[in-house]
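Comments concern the structure below.
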Amino acid sequence: MATMDEIVSLAKRRGFVYPTSEIYGGLANAYDYGPVGAALLRNIRNLWWREFIDKRLDMVGLDSAIILHPQTWVASGHVESLTDPLTEDLVTHKRYRLDHLIEAHDKNLDVSAMTFPQMVQYAKDNNLKSPEGNELSEPKMFNLLFETSLGAVSGEKSVAYLRGETAQGIFSDFKNIVATNRVKLPFGVGQIGKSFRNEITLGQFVFRTMEFEQAEIEYFFDPEKTGWESLLDSWKADMEKFIVGTLGVKKDNVRWRRHTDTERSHYSKDTWDLDYNFPFGWKELWGVAYRTDYDLSAHQKHSGVDLSYVDGDGKKLIPHVIEPAVGVNRLFLMVLSDAFTKEEGSDRVVLRLSPAIAPYQVNVSPLLANKEALVEGARKVFESLVEKGFRVSWDDRGNIGKRYAAADEIGTPYCVVYDFESEEGKGVTVRSRDTGEQRRVNIDELTQMVASEKINF
Ligand code: GAP
């Protein structure tokens, strides 16, 4: 498996991820996605949307605001409960999550099962120090909601929050969605968008950041007609199928873990995490929770608006919810880790991404950049592939070997070269990323090959 250093270095070298604001010295744990990173993110998002919304009759999409009415977060319980245990190094003033320090102190301890008072007691009993060896402050529960202020109202600014999860936009739009779409229970609403949390400890590259992107689904159902356990199981199966089947991730690198009673969020009756074996260990990739009718009931109570649903038999109810919620940036880091391959005995890196998500499906080059006829012919191949809807890159720099190496490092499955034989109507050379094998094909064969997404000839 690749190390984090290797992944971070490739990501920077090839333009997947840059540290943000680098010309000003950077901003801790904030990142920009470069040209191929933006393409990879977009492909992941598009596939998620296609699999979970476009292809299903029981799903609709949404794009709600980032700054919702502040009461949303009071009603949802996040103002009260979106907290992590915080402690500070009394010398360096670096802040740490107490559960992370305890975990590092005793790897055999199940910290997820500990309550906050138990963690505080453990820290006292074990005279826990910071990683720098200094005394720690008295731990406290710290709220992660990202505060901002809304304009000036009579000289005073009013507090608002950047959303801590995309889910609340779905709950607060529930009434509108039911009224304006021909949906009937069970049905789900999905959305992709940025969320923000004042995380205490960040790091591990894009794994945990303050600004991140979530792809969340709220799947509404009548608990008297649909059993929540079987629904949760079927969502677990769909999530795993997306990771292993659609994104092409190795099955051995994912596993399920159930949340302990103390670890579960305030709104959940049962939560499972699909963990991925990242270079820094098994960590949460994608969670699925049974949120009951907690959110809709809370919003009904706080807003005074009736959020019930009336089914075909005239039965009135507040639907319950199963919520599969994933971080798009974690999916991104997962596919980079999973695809990173170093050829034995050489420094050659190949990113064996599934063709479905590779930033480009095919690269086109003229054999020689200074032969006008070859450039023109290659340009026509490029245009015809783009016309057909493929994601195509163009490279006429350096020698062919360097172009292949650059394409391998960003995971392009096929490289096409237009050469002198192409000028004689003998098709183009196509090379496979994973085997290095080359073939001569005409444009129709090339089109079929790229569309088939089979990398091995
Ligand atoms: N609506 C439920 C919810 O937000 P969560 O487990 O806090 O649940 C869902 O977040 C997913 O969002 C996580 O499984 C993870 O993939 C991603 N995520 C959460 N916090 C993140 C952060 N600080 N940076 C990157 N991704 C994060």
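A few remarks follow.
- In segment 197-225, the residues that are in contact (Cβ under 8 Å) with a residue 12 or more places away in the chain and part of a strand (DSSP E or B) form Cβ pairs under 6 Å with partners that are more than 10 Å from the ligand (Cβ to nearest atom) and among the small types (Gly, Ala, Ser), at six or more places apart or across chains, as follows: ILE217/GLY188; ILE217/GLY190; TYR219/GLY188.
- Odd one out for LYS107, checked against (1) among the basic types (Lys, Arg); (2) over 30 Å from ARG257 (Cβ atoms); (3) modelled with pLDDT under 95: (2)
- All positions within segment 21-34 that are of a type in the set (S, T, N, Q) and modelled with pLDDT under 95: ASN29
- Condition check for GLU284: at pLDDT below 95, among the acidic types (Asp, Glu) and either within 16 Å of the ligand (Cβ to nearest atom) or crowded, with 20+ Cβ neighbours inside 10 Å (or both): no
To keep it simple, each residue is scored yes or no on (1) in contact with a Ser or Thr (Cβ under 8 Å, 6 or more places away or on another chain); (2) of a type in the set (A, V, I, L, M, F, W, C); (3) modelled with pLDDT under 95.
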{"site": "VAL36", "(1), (2), (3)": "no, yes, no"}
{"site": "LEU40", "(1), (2), (3)": "no, yes, no"}
{"site": "TRP48", "(1), (2), (3)": "no, yes, no"}
{"site": "GLY61", "(1), (2), (3)": "no, no, no"}
{"site": "THR87", "(1), (2), (3)": "yes, no, no"}
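- Any hit, segment 300-309, residues being near the ligand (Cβ under 10 Å from one of its atoms) and assigned to a helix (DSSP H, G or I): no
- Of all residues making up segment 413-448, the number that are surrounded by fewer than 21 Cβ atoms within 10 Å (Cβ to Cβ) and more than 20 Å from LEU368 (Cβ to Cβ): 13
- Residue check for LYS283: closer than 20 Å to VAL8 by Cβ and among the charged types (D, E, K, R): yes
- Residues (surrounded by fewer than 18 Cβ atoms within 10 Å (Cβ to Cβ), under 17 Å from the mean Cα position of the chain (by Cα) and more than 7 Å from the ligand (Cβ to nearest atom)) located in segment 209-226: GLU211
- Of everything listed in (1) within 10 Å of the ligand (Cβ to nearest atom); (2) within 15 Å of the chain's Cα centre (by Cα), the single unmet condition for PHE278 is (1).
- HIS266 being closer than 20 Å to VAL79 by Cβ and at pLDDT below 95: yes
- Cβ-Cβ distances below 8 Å connect the following pairs, each with a first residue in segment 266-295 that is at negative phi, a second residue that is assigned to a loop (DSSP other than H, G, I, E, B) and among the hydrophobic types (A, V, I, L, M, F, W, C), and a separation of six or more residues or different chains: TYR276/VAL249; ASN277/MET1; PHE278/PHE207; PRO279/MET1; PRO279/ALA2; PHE280/PHE207; LYS283/PHE207; ASP293/ILE318.
- Candidates PHE205, PHE171: the one that is assigned by TED's automatic domain parsing to the domain that holds ARG50 and over 24 Å from THR148 (Cα atoms) is PHE205.
- Those strands (runs of 3 or more DSSP E) of segment 320-409 in which at least 3 residues are closer than 30 Å to PHE420 by Cβ, considering only elements entirely within it, cover 362-366, 392-394.
- Test: ALA369 is of a type outside the set (Lys, Arg), free of Cβ contacts under 8 Å to residues at least 60 places away in the same chain, over 26 Å from ALA289 (Cβ atoms) and away from the ligand (no atom under 16 Å from the Cβ): yes
- Taken over segment 263-299, the residue count meeting the criterion of being assigned to a strand (DSSP E or B) and small (Gly, Ala, Ser) is 3.
- Filter result (among the polar types (S, T, N, Q) and either surrounded by 21 or more Cβ atoms within 10 Å (Cβ to Cβ) or away from the ligand (no atom under 16 Å from the Cβ) (or both)) within segment 174-208: ASN176, THR180, ASN181, GLN191, SER195
The values are calculated or read from the model by the stated rules, or taken from the named source; none is laboratory data. Remember, it's a predicted structure, so these values are computed and weren't measured experimentally. Ideal geometry is used to build each Cβ from the backbone, glycine not excepted, and the neighbour counts take in all protein chains shown.
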